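So the structure is just underneath, and the comments pick up after that.
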Amino acid sequence: MALGLPSVLPNPQPAIGELIRDRRPTFSFEFMPPKTAQGERLLWQAIRELESLRPSFVSITYGAGGSTRDTTVAVTERVATETTLLPMAHLTAVNHSVAELRHVIGRLAAAGVRNVLAVRGDPPGDPTGEWIPHPDGVDYAEDLVRLVRDAGDFSVGVAAFPYKHPRSPDIDSDTAYFVRKCRAGADFAITQMFFDADEYLRLRDRVVATGCDTPIIPGVMPVTKVSTIERSEQLSGAPFPPALAARFERVADDPEAVRQLGVEQASEMCQRLLDEGVPGIHFITFNRSTATREIWRNLRVSTPG
C-alpha cells in the first residue's frame, strides 16, 4: 500500500468470510512458521500431506511480539503461489507501529493474499504480562480490524474465546469485546482451542443473544501427548476439563493409548459440533498431519468440488 491508498489485490482469492456463509461446513488447518531448517521440512511435509484433503483454507500463525513476522508472510506467500491451498495470514499488533502493520498488509496484498486473522496478540515472553501498546501502534484488536479493512479488499477474521479471554474480567465483558471486534468489520471468527463442546455452544449462544450473527468456527487441537494438556492451558488460558483429564491420567503411562484417546475425543467432539450446525472446523496442527488426518477420516469428510 503506497501513499496511504488501499491495496489492489492481483487476482484476488476467495474471501473466507463468504466461503463460510456460502458452503458449510468449512474445514481448515492451522500451521506455525518454522524456526529451524528441520522445522521447515516438517512444515512443508505436513502442508503437502494435508493439501490432498482439499481443505477450505489454511492459516499461518504469527509469533509472539511479531517474532516470526517475516517468516509468517513468506510462508503465506509461498502457500499462495506454490500450492492449491487458500492461505490466511495471522496478524498481531504487538510491538508494531501502524506503518509496520501497513507494510505487512501491503506485502500480503502483493502476493494476492486476501484473508487475514487480526488478533491483538500477547506480550512476548510472558503471555500473562502487562500489555504495553506500541507508541505508534494500535491498542485493541478492533483497531487492527479497521486498519486491515481500510487497507483494501480483505476478508478479516478475529479470535473468539469459549472460556473467555484471560484478560477479560468476566464472561459478559468478554462477549461485549468480541461483538465490538465483529462490528468493527470482522467477517468471521475462529476460537481458541477448547476440549468441551458445551463451551463453544455457550459462547455461540451468548453472541447470538446480543444480535451478532458473525460465524464462529471452533478451533480444535487433539491431545496427542500428556504434555499437550498443560500446553493447552498455557496457550488458551482455560482450564482443561477435569473429567477428561482424569481419562488421560488413567493411560498416561502408555503414549500410544494417550494418542488414541486424543484422536477419539477430538473426533467425538467434532462430530457433535457438526451435528449442532457449526460453520466449520479449524484444526490446530502444530505442523503435524497424522492425527488431523485420522480425525478427518473418522468424520468422513467429503472434499469440495
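The values are calculated or read from the model by the stated rules, or taken from the named source; none is laboratory data. For clarity, every value in this text was computed on a predicted model and none was experimentally measured. Cβ sites come from the backbone with ideal geometry, for glycine too, and all protein chains shown count toward neighbours. What goes into the accessible areas is simple: the full protein's heavy atoms, side chains included, and nothing from ligands, DNA or RNA. Shrake-Rupley method; radii C 1.70, N 1.55, O 1.52, S 1.80 Å.
Only residues that are open to solvent by less than 10 Å² (accessible area, probe 1.4 Å) and assigned to a loop (DSSP other than H, G, I, E, B) were counted in segment 78-95, giving 2. Scan segment 288-297 residue by residue and report those that are over 25 Å from residue 202 (Cβ atoms) and assigned to a helix (DSSP H, G or I). Listed by number, the residues that qualify are 290, 291, 292, 293, 294, 296, 297. The set of residues from segment 51-74 being in a helix (DSSP H, G or I), open to solvent by less than 10 Å² (accessible area, probe 1.4 Å) and out of contact with any Lys or Arg (no Cβ under 7 Å at 6 or more places or on another chain) comprises just one member, 72.
Only a single criterion out of (1) part of a helix (DSSP H, G or I); (2) open to solvent by 40 Å² or more (accessible area, probe 1.4 Å) is not satisfied by residue 211, namely (1).
State all residues of segment 96-120 that are among the hydrophobic types (A, V, I, L, M, F, W, C) and assigned to a loop (DSSP other than H, G, I, E, B); if no residue qualifies, say none. Passing the criteria: 111, 113.
Restricting attention to segment 183-197 and to residues that are in contact with a strand residue (DSSP E or B) (Cβ under 7 Å, 6 or more places away or on another chain) and modelled with pLDDT of 95 or more, the residue that is surrounded by the most Cβ atoms within 10 Å (Cβ to Cβ) turns out to be 186. Exactly one residue out of 163, 200 is open to solvent by 10 Å² or more (accessible area, probe 1.4 Å) and in contact (Cβ under 8 Å) with a residue 24 or more places away in the chain: that is 163.
A quick yes/no check of all residues on (1) at pLDDT below 90; (2) out of contact with any Ser or Thr (no Cβ under 6 Å at 6 or more places or on another chain):
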position: 1; (1), (2): yes, no
position: 10; (1), (2): yes, yes
position: 24; (1), (2): yes, yes
position: 76; (1), (2): no, yes
position: 84; (1), (2): no, yes
position: 101; (1), (2): no, yes
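Looking at this structure, is residue 168 small (Gly, Ala, Ser) and touching a residue at least 60 places away in the same chain (Cβ under 8 Å)? It is false that residue 168 is small (Gly, Ala, Ser) and touching a residue at least 60 places away in the same chain (Cβ under 8 Å).
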